[in-house]
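Report on one structure; see the data block that follows.
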């Protein structure tokens, strides 16, 4: 079977090369038949790479340890789901998975070629070039079907214990779907630039694809955080690790694009900016992959060091040069149709939003690469850890929150300061009142520590955003409710259905602020650690933990030991929790299974950290983490908002003429009404 | 309405002023908070790549040892700088979780601020340059003051409201 796998990969490469070359010649010669063969070859690439991926999964399920990849990432006792996940658990397999996702995106793109055959033909050719690069990698640099030399071991080394969690089965595919998804808008953008595509149709197609990629990337990032929180046992969810940062970089530029693209659609502005934002997003996705896999920066998440780094450097350089060449050649095509008229306008809020997102991306990139730069300049490596990233990025995030609050209140072109003040006064008063109450009640003492001050500001700005978005929904909902003789909630539902993009976007913003409130809780995290024998007690916040017992278990894949802890609050037992420690037999590595009791206000997070080597007594570490629930709730809202924004708009139904109306209103009038309802609120 | 707005303005300014004053006069730092702060300024050296107080290695003896050293130094009455310098002396500069503000390390802190200010300045300059140019499209607002535009928008909404 491994030989068939290798053959299918070579076949996939040959087909990709053909799809690229034939696509290129078809464009040069304007040959539709050749273009069609290129399209079909692109579809066939999907079949070949699917076969290769299937064969690797088959090898994992059949314990074929003659394949080095399976030997290093699986073992006989590994549960089925993790054998499947082994596909993306190591360097070679994950690159193959990347190829497969790229081929799958390519399949969708090529099947939908009738959207615009010429544009899709160009985009498909560019996508084939990217596919060639990744297939070269898996064929010649990181071969997933490489065979074991010498005697074949009876059992495999097993999967890294940290990866044996349900979240890890879905987190990498989501992240890769996001990374790879950014290839599609890149291909469309470059295609539009190459062919000097007239009009903005390409940007509509690109925006939708970018949203899909952004959605997956967002889900991947949150799932990664959730995994880090529930599995790594350090009580946090984001460590500013280089690999985490690598996922954040394209997310930040992708977010900037999703905002600034509106200026191109509505006002024909920022065409160069948008083009380069999409190019940057793709380049950063590739750069992130390079960081993770080349060993340039040290990370707990990184794959083993390998020789694939130079491949990525050449590919990045070639991609950048291609983008720059076509930009210089065709830049006249990207001239703005309108100019920005006022600093107080929706356009300038998008501009500042973009600047802040890009500065944040720069700060993350800079902090990630500074250890390398420092070593190069001074000969000494330094660590750039959470304190640096927090100090630099929190103020930027607060500015962004302020802009998120201001944005919906600003009209396109110009807004008078009087109008802004009028719309801003009530939300600002609500935010200030909430801040004052929090301080007066003693919940937050901003003078004690800068982190408390940041928390207070985050909560106040989040309330401000919620108030401005709430007023937008209510205002628009009331207009429709008046027209339909319905209530305001139905009006808001109708409003959202009629302009899914705008109101879906607001729901995403709500999700962001809910998440930010969760982030604000970090300042109040506390933890304690104690040896806990039978009947011993430990206290954290309002909770008292009483050790009832310890127990053991033995399974084919691992042996484990649990602590059984009764949890009391206010003198009453509220639950029993079971923090666990596992010892994985194949890899010989220990791992912790966190016990977490999550409520809206706080998480009680318990880790069984091991035994004191001197006296053999078990040690329990307890964390009390306020507001973590809000982070995951916000992530769900972001997901819902993005799905809403991806849905097509519903057309407004015309009101049936009543007897007194005389005659039905003209369709144009109804359309204007619909538009007015959609636009109610400042556009 | 004007009086209410004035009161609101004064109240908001007062609140901001009080917050700033309270922030400047930060209160004392108990030992627990000091341990927490110092522990977050150091990296665990066991190879986990995590902040000292957040090392998640099961039964990590390195982080345990480092914590003991820190507690000992605190009990001796060493200042924060002395404690951190002691760790740098023993484990090397990578033990600090963030670059210092000396030598080349200063560049790490300065660059994001420089880029931030440069980007904001560039945006303001670009907007001003754009504003000075004559609008290209005949349908643009030209010299209509924004107050008037807002009034037109309000009327348009009223007249086309459902």
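Annotations for the structure displayed:
- Here the condition is being modelled with pLDDT under 90 and in a strand (DSSP E or B); of A:581, A:573, it holds for A:581 alone.
- Among the residues of the range B:73-100, those that are under 14 Å from residue A:374 (Cβ atoms) and in contact with a helix residue (DSSP H, G or I) (Cβ under 6 Å, 6 or more places away or on another chain) comprise B:98, B:99.
- Any hit, the range A:495-509, residues being within 11 Å of chain B (Cβ to nearest Cβ), buried (at least 18 other Cβ atoms within 10 Å of the Cβ) and either part of a helix (DSSP H, G or I) or in contact (Cβ under 8 Å) with a residue 24 or more places away in the chain (or both): yes
- Which numbered condition residue A:372 misses (of (1) within 11 Å of chain B (Cβ to nearest Cβ); (2) surrounded by fewer than 18 Cβ atoms within 10 Å (Cβ to Cβ); (3) modelled with pLDDT under 90; (4) under 30 Å from residue B:89 (Cα atoms)): (1)
- Checking each residue in the range A:184-230 for being touching a helix residue (DSSP H, G or I) at 6+ places or on another chain (Cβ under 6 Å) and within 14 Å of chain B (Cβ to nearest Cβ) picks out only A:227.
- Here residue A:364 qualifies as within 30 Å of residue B:92 (Cα to Cα) and crowded, with 22+ Cβ neighbours inside 10 Å.
- Elements of type helices (runs of 4 or more DSSP H) in the range A:179-288, at least 2 residues being farther than 22 Å from residue A:115 by Cα and at pLDDT 90 or above: A:201-231, A:242-267
- Only listed residue being more than 11 Å from chain B (Cβ to nearest Cβ), over 30 Å from residue A:243 (Cβ atoms) and in contact with a helix residue (DSSP H, G or I) (Cβ under 6 Å, 6 or more places away or on another chain), chosen from A:438, A:409, A:403, A:398: A:409
- The residues on offer are A:453, A:388, A:424, and the sole one that is assigned by TED's automatic domain parsing to the domain that holds residue A:266 and in contact with a helix residue (DSSP H, G or I) (Cβ under 9 Å, 6 or more places away or on another chain) is A:388.
- In the range A:592-649, residue surrounded by the fewest Cβ atoms within 10 Å (Cβ to Cβ) [restricted to those that are away from chain B (no Cβ under 14 Å) and in a loop (DSSP other than H, G, I, E, B)]: A:648
- Selection over the range B:111-130 of residues that are within 20 Å of residue A:362 (Cα to Cα) and buried (at least 16 other Cβ atoms within 10 Å of the Cβ) gives a count of 6.
- Among the candidates A:85, A:22, residue that is free of Cβ contacts under 8 Å to residues at least 24 places away in the same chain, out of contact with any strand residue (DSSP E or B) (no Cβ under 7 Å at 6 or more places or on another chain) and crowded, with 22+ Cβ neighbours inside 10 Å: A:22
- Condition broken by residue A:49, with the remaining ones in (1) surrounded by 18 or more Cβ atoms within 10 Å (Cβ to Cβ); (2) over 15 Å from residue A:136 (Cα atoms) satisfied: (2)
- For the criterion of being modelled with pLDDT under 90, at the interface with chain B (Cβ under 8 Å from one of its Cβ atoms), in contact with a helix residue (DSSP H, G or I) (Cβ under 7 Å, 6 or more places away or on another chain) and within 30 Å of residue A:400 (Cα to Cα), residue A:341 passes.
- Qualifying residue in the range A:136-151 (condition: within 29 Å of the chain's Cα centre (by Cα), surrounded by 20 or more Cβ atoms within 10 Å (Cβ to Cβ) and assigned to a helix (DSSP H, G or I)): yes
- Verdict on residue A:330 being free of Cβ contacts under 8 Å to residues at least 40 places away in the same chain and either closer than 28 Å to residue A:278 by Cα or in contact with a helix residue (DSSP H, G or I) (Cβ under 9 Å, 6 or more places away or on another chain) (or both): no
- Filter pass, residue A:445 being surrounded by 20 or more Cβ atoms within 10 Å (Cβ to Cβ), assigned to a loop (DSSP other than H, G, I, E, B) and outside the structural domain of residue A:291 (by TED's automatic domain parsing): no
- Hits in the range A:522-547 (condition: without any contact (Cβ under 8 Å) to a residue 60 or more places away in the chain, surrounded by 14 or more Cβ atoms within 10 Å (Cβ to Cβ) and either part of a strand (DSSP E or B) or under 37 Å from the mean Cα position of the chain (by Cα) (or both)): A:544, A:546
- Members of the range A:375-389 that are more than 7 Å from chain B (Cβ to nearest Cβ) and either surrounded by fewer than 16 Cβ atoms within 10 Å (Cβ to Cβ) or at positive phi (or both): A:375, A:376, A:379
- Of all residues in the range A:449-486, those satisfying the criterion of being over 18 Å from residue A:650 (Cβ atoms) and not in a helix (DSSP H, G or I) are A:449, A:485.
- Some residue of the range A:303-310 being under 15 Å from residue A:287 (Cα atoms), part of a loop (DSSP other than H, G, I, E, B) and at pLDDT 80 or above: yes
- Set A:466, A:425, A:433, A:481: member being at negative phi, at pLDDT 90 or above and either over 28 Å from the mean Cα position of the chain (by Cα) or surrounded by fewer than 17 Cβ atoms within 10 Å (Cβ to Cβ) (or both): A:433
- Any hit, the range A:194-210, residues being crowded, with 20+ Cβ neighbours inside 10 Å and without any contact (Cβ under 8 Å) to a residue 60 or more places away in the chain: yes
The values are calculated or read from the model by the stated rules, or taken from the named source; none is laboratory data. Keep in mind that what you see is a predicted model, and the values were worked out from it rather than measured. Please note: Cβ atoms are built from the backbone with ideal geometry, for glycine as well, and neighbour counts cover all protein chains shown.
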